[in-house]
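Chemist: After the structure tokens below, expect a handful of questions from me.
The values are calculated or read from the model by the stated rules, or taken from the named source; none is laboratory data. Keep in mind that this is a model prediction, so the values were computed, not measured. Every residue, glycine as well, gets a Cβ built from its backbone with ideal geometry; the counts of neighbours run over all protein chains shown.
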Amino acid sequence: MLPLKIVSFHRDGQLSTGALLDGDLVLDFQHEAAGLPGADGPLDWMDTDGACHQSARRLVEGADVAKLQAAGAVLPLAGVELLSPIPRPGKVICIGLNYRDHAEESGMEIPKYPLVFSKFSSCVVGQDADVKLPRGAKEVDYEAEFGVVIGKTATDVSEADAMDHVLGYCNINDVSARDFQFADGQWQRGKSCETFCPTGPFIATADEIADPHELRIQFRMNGKTLQDSSTSQLIFNVPELVSYLSGFVTLEPGDLISTGTPPGVGFAHKPPIYIQPGDLMEVEVEGLGVLRNKAVSAD
């Protein structure tokens, strides 16, 4: 079956899930003309073993685009408001210090085990959403990250079987209030402020990406490139992370793993570069489009 680029969007004030088609079009899985099973929520479309996901793949493979467009199930991309492709993940699991070149930049030893933390799923936002700089935070930083989306429940899976549980991949900006993070001595508050997890613009299913460990990853601020590396620098790769994490927590469809950031984060620059109101941030991982968000003051 054809790979998918999965999106979530608002249509007529309602949340819908669909897929990008060639020619800047969006197929709405939930339009009656699509003829797909009803879903209890967006995460049903992420479950690779479920009827919703499998029927959506078959529809995309054999889609009569003109007919679906005439019936209202296919829309111009320009006419929809994209959200995070996973509007509310069950879990957002993050990995710290997972790029060799970033560890070298930080002057830190290569970790022996993944450094795991989390972000509250309520801070996930999508394409073109504003990132709100919280009151009292003066050192808000960016982190371009390669996101892995779980597609099948994983409990204590082996590295050999781990990729069978991956739905696909997306861009993430792990926005971080460094002054909160370092003052607290732990990371939850500094990582989980509202809007601090921009994600998108779509999920590329795993069969869309030939090798997730050979992708260029970049971050740009107001057009200037500040991070530029490759997922080949990952210390713990995708199957290693899925296997390791599933050893102590069950991973479920729609769970999001943010795999770490390469060198060039703001606090490492001399002088530091922190996000200011009006800044335009772009995260681009090869094959995953460009995630764009503007920073605004909480006031």
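Chemist: If you take the residues of region 265-299 that are polar (S, T, N, Q) and surrounded by fewer than 16 Cβ atoms within 10 Å (Cβ to Cβ), which of them is farthest from residue 144 (Cα to Cα)?
Modeler: In this case the residue turns out to be 297.
Chemist: What are the pairs with Cβ atoms under 9 angstrom where one residue, in region 153-168, is assigned to a loop (DSSP other than H, G, I, E, B) and the other, located anywhere, is of a type in the set (A, V, I, L, M) and surrounded by 13 or more Cβ atoms within 10 Å (Cβ to Cβ)? Sequence gap at least six, or different chains.
Modeler: 153/251; 155/249; 155/251; 157/242; 157/251
Chemist: Mind listing just one residue for me: the one in region 118-127 that is of a type outside the set (A, V, I, L, M) and crowded, with 17+ Cβ neighbours inside 10 Å and, of those, nearest to residue 252 (Cα to Cα)?
Modeler: 121
Chemist: Quick check, is residue 137 in a loop (DSSP other than H, G, I, E, B) and either within 21 Å of the chain's Cα centre (by Cα) or buried (at least 23 other Cβ atoms within 10 Å of the Cβ) (or both)?
Modeler: Numbers: in a loop (DSSP other than H, G, I, E, B): yes; either within 21 Å of the chain's Cα centre (by Cα) or buried (at least 23 other Cβ atoms within 10 Å of the Cβ) (or both): no.
For residue 137, the condition - in a loop (DSSP other than H, G, I, E, B) and either within 21 Å of the chain's Cα centre (by Cα) or buried (at least 23 other Cβ atoms within 10 Å of the Cβ) (or both) - is not met.
Chemist: Are any residues in region 57-71 among the small types (Gly, Ala, Ser), within 15 Å of residue 28 (Cβ to Cβ) and modelled with pLDDT under 95, and if so, which ones?
Modeler: 63
Chemist: Check 200, 185 and return the single one that is among the small types (Gly, Ala, Ser), modelled with pLDDT of 95 or more and farther than 17 Å from residue 231 by Cβ.
Modeler: 200
Chemist: Let me ask another. Find all pairs meeting these conditions: Cβ atoms under 7 angstrom apart; at least six residues apart or on different chains; first residue within region 11-22 and over 16 Å from residue 203 (Cα atoms); second residue of a type in the set (A, V, I, L, M) and outside any strand (DSSP E or B).
Modeler: Matching pairs, first to second residue: 11/80.
Chemist: Restricted to region 66-109, and to residues that are free of Cβ contacts under 8 Å to residues at least 24 places away in the same chain and either outside the structural domain of residue 249 (by TED's automatic domain parsing) or within 23 Å of residue 125 (Cα to Cα) (or both), which residue is surrounded by the fewest Cβ atoms within 10 Å (Cβ to Cβ)?
Modeler: Filtering first and then ranking leaves 66.
Chemist: Can you name every residue in region 169-184 that is of a type in the set (Asp, Glu) and either in contact with a Ser or Thr (Cβ under 6 Å, 6 or more places away or on another chain) or over 26 Å from residue 217 (Cα atoms) (or both)?
Modeler: 174, 184
Chemist: Inside region 196-279, counting only strands (runs of 3 or more DSSP E) that do not spill past its ends, which hold 1 or more residues that are over 28 Å from residue 51 (Cα atoms) and free of Cβ contacts under 8 Å to residues at least 60 places away in the same chain?
Modeler: Fully inside region 196-279 and qualifying: 224-230.
Chemist: To continue, here is another question. For region 263-277, indicate whether the set of residues that are at pLDDT 95 or above and closer than 27 Å to residue 43 by Cβ is non-empty.
Modeler: Checked against the condition, which is being at pLDDT 95 or above and closer than 27 Å to residue 43 by Cβ, region 263-277 yields no hits at all.
Chemist: Still on this structure, please answer the following. Residue 51 versus (1) surrounded by 14 or more Cβ atoms within 10 Å (Cβ to Cβ); (2) under 24 Å from residue 152 (Cα atoms): which is the lone unmet condition?
Modeler: Just one mismatch for residue 51, condition (1).
Chemist: Taking the condition outside the structural domain of residue 195 (by TED's automatic domain parsing), more than 19 Å from residue 125 (Cβ to Cβ) and loosely packed, with under 14 Cβ neighbours inside 10 Å, does residue 62 pass? Before the answer, list the steps.
Modeler: On the way: outside the structural domain of residue 195 (by TED's automatic domain parsing): yes; more than 19 Å from residue 125 (Cβ to Cβ): yes; loosely packed, with under 14 Cβ neighbours inside 10 Å: yes.
Considered against the rule, which asks whether it is outside the structural domain of residue 195 (by TED's automatic domain parsing), more than 19 Å from residue 125 (Cβ to Cβ) and loosely packed, with under 14 Cβ neighbours inside 10 Å, residue 62 comes out as yes.
Chemist: A follow-up question, please. For region 21-31, which positions are at pLDDT 95 or above and either charged (D, E, K, R) or surrounded by 21 or more Cβ atoms within 10 Å (Cβ to Cβ) (or both)?
Modeler: 26, 27, 28, 29
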